[in-house]
Amino acid sequence: MAMELQAQKRQVGPRSMLTELRSKGKIPAVLYGSDVESESIAIEESHFQQLVNQQGLNHVIKLNVDGKPLNVMIKDLQSDPLKNKVLHLDFGTINMNEKTDTSVFIVLQGEAEGVKNGGVLQHTLRELNISCLPDKIPDSITYNIEKLVVGDTITVADLTVSGDIEILDSPDTVVLTIVPPQAEPVEGMAGEEAETEAGIAETNDEENSSGDAEPNKNE
């Protein structure tokens, strides 16, 4: 079910107006779509953060603009990572009867057998690109990794989704791999190699020094 978010129309002006708007706890945004005129709006930052915490960024939002409800999705988000603040948002209207492209998180369940035995989990693909009707967008795509052993690789083709969902990523894209632990050098072998290298270096030094010390009798 789409969560509701209140918005108010705002005036377009210089950068100082945006700074003042943000200082009041609001996020400047724009609304656009094939069925609406582009509008500059503002939303409460606290309400937006509450919405994100409950349903994430990739779901349908019922945006209420001065009393007019619209089904929208976030098309772009600008943020300041140092201050952990959202600076600007783009909302695009959507048709609930048409498929839309979005992405959802891939959530791994359990602990892999290979990790228990010392292997290392490399999770390389964390979001899956999909296409489906707006009300069919899942909260996440889950995969149970408990039976995976060292050397196992999971690709997009191994993920299971509802028949209503089309996966847009290549089936060969690697999602995760259980790799062996990095081998550490054996102390005894390292010592022997160091002694051998030292011996070679010492021999070379002796040859060089004796060669330099011996004058050329032909000179």
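Here is how the numbers come out for the structure above:
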quantity: Candidate set from the range 61-102 (those that are assigned to a strand (DSSP E or B) and small (Gly, Ala, Ser)); member that is surrounded by the most Cβ atoms within 10 Å (Cβ to Cβ); calculated: Gly92
quantity: Flag if Ile106 is in contact (Cβ under 8 Å) with a residue 60 or more places away in the chain, in a strand (DSSP E or B) and open to solvent by less than 30 Å² (accessible area, probe 1.4 Å); calculated: yes
quantity: Close pairs (6 angstrom Cβ cut-off, 6 or more residues apart or separate chains): farther than 18 Å from Glu45 by Cα in the range 11-22, surrounded by 10 or more Cβ atoms within 10 Å (Cβ to Cβ) anywhere; calculated: Val12/Ser40
quantity: Filter result for Gln122 (under 28 Å from His47 (Cα atoms) and exposed (fewer than 15 other Cβ atoms within 10 Å of the Cβ)); calculated: no
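Listed here are the residues, each with its yes/no results for (1) under 22 Å from Asp139 (Cβ atoms); (2) at pLDDT below 95; (3) not in a strand (DSSP E or B).
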site	(1), (2), (3)
Leu21	no, yes, yes
Leu31	no, no, no
Ser38	no, yes, no
His59	yes, yes, yes
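The rows are residues; the columns are (1) under 18 Å from Thr102 (Cβ atoms); (2) touching an Asp or Glu at 6+ places or on another chain (Cβ under 6 Å); (3) open to solvent by 30 Å² or more (accessible area, probe 1.4 Å); (4) not assigned by the TED database to the domain that holds Asn53.
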site	(1), (2), (3), (4)
Asn129	yes, yes, yes, yes
Lys136	yes, yes, yes, yes
Ile141	yes, no, no, yes
Val149	no, yes, yes, yes
Thr153	no, no, yes, yes
Asp158	no, no, yes, yes
Asp164	yes, no, yes, yes
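The values are calculated or read from the model by the stated rules, or taken from the named source; none is laboratory data. Small disclaimer: the values here were computed from a predicted structure and weren't measured. Virtual Cβ from ideal backbone geometry, glycine too; neighbours counted across all protein chains shown. Note: areas computed on protein heavy atoms with side chains; ligands, DNA, RNA excluded. Shrake-Rupley method; radii C 1.70, N 1.55, O 1.52, S 1.80 Å.
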